[in-house]
1. Take the alpha-carbon centre of the stretch 1-47, take the same for the stretch 130-166, and report the distance between them in whole Å.
2. Distance check, please: which entries in Lys16/Lys75; Lys75/Lys203; Lys3/Lys117; Lys16/Lys203; Lys16/Lys131 exceed 24 angstrom between their Cα atoms?
3. With r defined as the distance between the Cβ atoms of Thr62 and Asp244 and R0 fixed at 45 Å, what FRET efficiency is calculated, to the nearest 0.05?
4. Quote the relative contact order of the chain in percent (integer), defining contacts as alpha-carbon pairs under 8 Å separated by 6+ residues.
5. Return an integer: the convex hull volume of the alpha-carbon atoms of the stretch 1-54, in Å³ per residue.
6. Please list Ser26, Ser210 in order of solvent-accessible area, largest first, computed with a 1.4 Å probe with all protein chains present.
7. Roughly what percent of Cα-Cα pairs across the stretch 35-96 reach past 18 Å?
8. Need the full-extension length gain, Val94 to Phe134, defined as separation in residues times 0.36 nm minus the C-alpha distance. One decimal, nm.
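The values are calculated or read from the model by the stated rules, or taken from the named source; none is laboratory data. Keep in mind that what you see is a predicted model, and the values were worked out from it rather than measured. Cβ coordinates were reconstructed from backbone atoms using ideal geometry, including for glycine residues, and neighbour counts include every protein chain displayed. Side chains are part of the model used for accessible areas, which takes the heavy atoms of the whole protein and leaves out ligands, DNA and RNA. Shrake-Rupley method; radii C 1.70, N 1.55, O 1.52, S 1.80 Å.
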Amino acid sequence: MNKVFGYPQFNGKGEKILTTYEGDYSNMLMDIRVYRLRTGERRRFFFQEEECAVLLQAGDITLAYEGNENRCRRKDVFSEGLWCLHVCFGVEVVVTANMDSQILVQRTHNAHTFASKLYSPQDAPWQSVCKGMFDDTANRRVSTVFDHSTAPYSNMVIGEVLNDSGNWSGYIPHHHPQPEVYYFKFNRPEGFGASFVGDDVYKITDGSFSAIPGGLTHPQANAPGFLMYTCWMIRHLDGDPWVDRIDDERYVWLYG
């Protein structure tokens, strides 16, 4: 039986494994890992059957791919917008850290070819969501890097959410058939929250993740005093891409 939540740690090589195609989280249908890179360190990513997204979460890196070299900087996920490179199978990406940095790498199987694209903060700006709704308890900023509407050639979705102190996210409770992974960070190491997956609840801590099977509702709550960051990643199903959330009908009255 697949697991729903995880508290992984970085190994000695600076790699934190969230999900893989086999094992406890195989039903997510994605390989997702977080890497810490020391100054001067280089990492090469090349996959013969998988598309790949490389998301800068903090630091200063140079991305080399297809003859291009782009330098990307980001203080952290709480104060500056994202940089994310998206490539199809067969494209080599070399990441060089110009200072200590952290990246998240999401990949999944995809036989389609498409042009590589580097998304900047201007391409995926923060947008306020639910401001003033639900007694002002669900304020958050959302940045969608790409989804089915902007990248129909992709088999996945990736974006970021930044929750205000003490606020809810993914509210009202909603679900969809496609699997989704949330990777959490807090602006202080003791930050925490609660992740509701179906009828179960899990404590969110810095660096933890939620692996949400299709069909289960999945709101989250952030404790007062902290900013909570979520990288959200969805895997489209064959013939059934994710296009929107499905609200739990028991709670739609709250929109009124």
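1. Answer, in whole Å: 23.
2. Over 24 Å apart, Cα to Cα: Lys75/Lys203; Lys3/Lys117; Lys16/Lys131.
3. In this case the efficiency is close to 0.80.
4. So the answer I get is 18 percent.
5. In the stretch 1-54, the Cα hull volume divided by residue count equals 102 Å³.
6. From most exposed to least exposed: Ser26, Ser210.
7. That tail contains 33 percent of the Cα-Cα pairs.
8. Length gained between Val94 and Phe134: 9.9 nm.
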